[in-house]
Amino acid sequence: QVQLVESGGGLVQPGGSLRLSCAASGSIFRINVMGWYRQAPGKQRELVAAITSSGTTNYANSGKGRFTISRDNAKNTVYLQMNSLKPEDTAVYYCNADLWPTLDSKLFRYWGQGTQVTVSS
């Protein structure tokens, strides 16, 4: 069993910052890509940023220059530093991890439960 637990969401004023964390635990042999997605009311879930085990990153245009994704492989944890937040960043943020639970398993994608980020004055 694998669990992804997010933390760090909340209410912040426009221009403010938040740091999200997501820790993976349970039966984990190796994690490939970890990422952050978000879903605003009435909209589809969209990629925010992703990072490979070697540190290669990919960002959606909406977050380039404002968001930074990083990870600690030893802790199976991924972070999302969000600066210069805008009201349109308001959404539920989900982390995910593509991983092998055991040496001989196939690759699976797991999701966290989501954390609310609200940007409002």
Surface accessible to a 1.4 Å probe, M82 within the full protein complex, Å²:
0 Å²
Give me, ordered by chain and number, the residues 5 or more places off V33 or on other chains with an amide H under 5 Å from its own placed amide H.
D98
The aspartates and glutamates whose Cα lies under 20 Å from the Cα of K75, excluding any fewer than 8 residues away in the same chain, are E6, D98
Can you pull out the trypsin sites (Lys or Arg not before Pro) in region 23-70 whose DSSP state is coil and whose Cβ has at most 10 other Cβ atoms within 10 Å?
K43, K64
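Taking only protein heavy atoms and a 1.4 Å probe, what accessible area per residue, in Å², does the chain have with all protein chains in place? Don't skip to the end; give the middle numbers.
Numbers: 6400 Å² over 121 residues.
Accessible area per residue, the chain: 53 Å².
What's the carbon and sulfur percent of the chain's accessible surface, probe 1.4 angstrom, rounded to a whole number?
Details: 3050 of 6400 Å².
Carbon and sulfur together cover 48 percent of it.
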Hey, how much of the P(r) for the chain falls beyond 22 Å, as a percent of Cα pairs?
30 percent
Can you return the lysines within cross-link range of K43? Criterion is Cα-Cα under 21 Å, with same-chain partners fewer than 8 residues away left out.
K64, K86
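The values are calculated or read from the model by the stated rules, or taken from the named source; none is laboratory data. A quick note: this is a predicted structure, and the numbers were derived from the prediction, not measured. Counting neighbours? That spans all protein chains shown, and the Cβs are built from the backbone with ideal geometry, glycine included. What goes into the accessible areas is simple: the full protein's heavy atoms, side chains included, and nothing from ligands, DNA or RNA. Shrake-Rupley method; radii C 1.70, N 1.55, O 1.52, S 1.80 Å.
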